[in-house]
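Just below is one structure, and these are the notes that go with it.
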Amino acid sequence: MCSQISVVVCVKNRAKDLERALRSIKNQNGVLEIIVIDGGSTDKTLEIAKKFTDKIYSDKGRGLGFARQLGAEKASGRYMAFVDSDAELPKKDLLLRMVNEMEEKGWVAIHAQIVDPRINKTLWEYCQNEYYKNVTFGVIGETTFLGTIVCIIRREIILKYRFDPFMKYAMEDIDFWYRVGKCHKFGVSKEVAYHYHRISLKSFFDQMVWYGKGSARYMVKHKDWRWLIIPLARMPYGLLLAIKLKCIKCIPYHVIRSIGTLYGTVIGLMELKNEIKQKIEGENRRPFDRNFVKCKIYLE
């Protein structure tokens with residue numbers, strides 16, 4: 001199992017956080033290679049990445065689903081670790097511990113618990129941390145959904161089920177786990193990794209819009225129209241959760257989360273409509289486009 005972990009970092013314009021993440025990966029035991037997939041950075045992201053690896057590739061603007069799959073296909077390890085550019089691995093044997101735990105339980109994937117280690121947090125950092133602790137990654141053990149903040153997956157599983165390039169924004173992981181979960185098990189680890197959450201209202205709202213745009217694509221692909229209602233349901237759910245956790249100050253967090261994802265979902269649906277319109281108009285002038293055919297089928 002030694003040195004069989006390929007670590008992939010998908011990144012775009014994250015120069016501020018990337019060095020911390022890559023340094024913690026470089027210090028890990030059992031890492032075979034570090035692969036960086038860049039989404040078209042215009043800051044010093046690539047300059048920083050070159051300090052830690054020469055395996056740097058571009059997703060050519062095709063989005064997160066394509067980037068994750070590209071990373072898996074460029075990798076050579078038995079295990080794939082996806083680590084976000086704003087994450088940090090606090091223990092040198094963290095990834096190896098996660099692999100051991102995953103194999104002991106017979107899972108095909110495992111995700112670390114996520115904690116923001118900063119003591120003095122902004123409101124948005126604090127509330128996101130509480131949400132991750134109590135909802136997203138709060139229960140250790142088998143689950144029906146994982147994120148990809150600090151996640152290890154058997155590479156053979158990714159090559160079989162594949163991340164869908166149609167899922168160019170967030171929700172590419174939910175789409176992936178939805179398909180994998182029909183035949184395999186995975187879960188949340190007892191190990192803890194760090195994640196430096198969004199610091200301001202604007203950055204948090206932008207992130208929620210990004211999630212909403214991903215929701216639109218997931219909704220269309222799976223014809224699961226409940227995702228139109230989910231952003232609205234998040235507001236009363238967040239209110240009840242804040243009361244339950246005695247964290248009234250987190251109510252604005254849940255309100256912005258709801259509004260941002262709803263706004264992003266609407267934008268995402270409009271974007272898909274425009275993509276279809278533009279590609280239909282240019283269909284006779286363009287070569288065969290697999291993503292266009294897939295998008296058209298999803299919308300029918």
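Rule-based calculations on the coordinates, nothing more; no lab input. Predicted, not measured: the structure shown is a model, and the values here were computed from it. Note: ideal-geometry Cβ built from the backbone for every residue, glycine included; neighbour counts use all protein chains shown.
In terms of Cα to Cα distance under 17 Å, which lysines are near enough to Lys244, apart from those fewer than 8 places away along the same chain?
Lys133
Could you list the trypsin sites (Lys or Arg not before Pro) in the range 156-239 that lie in coil according to DSSP, counting only those with at most 11 other Cβ atoms within 10 Å of their Cβ?
When the trypsin sites (Lys or Arg not before Pro) of the range 156-239 are filtered for loop state and at most 11 Cβ neighbours within 10 Å, Lys182, Lys223 remain.
Pull up the DSSP beta bridges for the chain and report the antiparallel fraction as a percent, rounded to 5.
If we restrict to bridges inside the chain, about 40 percent are antiparallel.
Which one is right for this structure if Kirkwood radius over Cα pairs in Å is calculated from it: (1) 21.3; (2) 19.9; (3) 41.7?
The value computed from this structure is option (2).
Measure up Lys12/Lys182; Lys26/Lys74; Lys26/Lys190; Lys105/Lys182; Lys16/Lys74; Lys12/Lys190 against 20 Å on the Cα-Cα distance and list the ones that go over.
Checking Cα-Cα distances, Lys12/Lys182; Lys26/Lys190; Lys16/Lys74; Lys12/Lys190 exceed 20 Å.
Just to be sure I understand: with springs between alpha-carbon atoms less than 10 Å apart, which residue in His111, His254, His184 has the highest mean-square fluctuation in the Gaussian network model of the chain?
His184
Can you sort Met235, Met171, Met270 by how many other beta carbons sit within 10 Å, fewest first?
Least to most surrounded, the residues fall as Met270, Met235, Met171.
Would you list, by chain and number, the aspartates and glutamates whose Cα falls below 17 Å from the Cα of Lys185, excluding same-chain residues fewer than 8 positions away?
Partners found: Glu101, Glu103, Glu104, Glu142, Glu156, Asp173, Asp175.
For Thr122, what is the net charge nearby, where nearby means another residue's Cβ is under 11 Å from its Cβ and Lys, Arg count +1, Asp, Glu -1?
With Lys, Arg at +1 and Asp, Glu at -1, the net is +1.
Check cross-link reach from Lys279 to the aspartates and glutamates: straight Cα distance under 14 Å, and skip same-chain residues fewer than eight apart.
Glu271, Asp289
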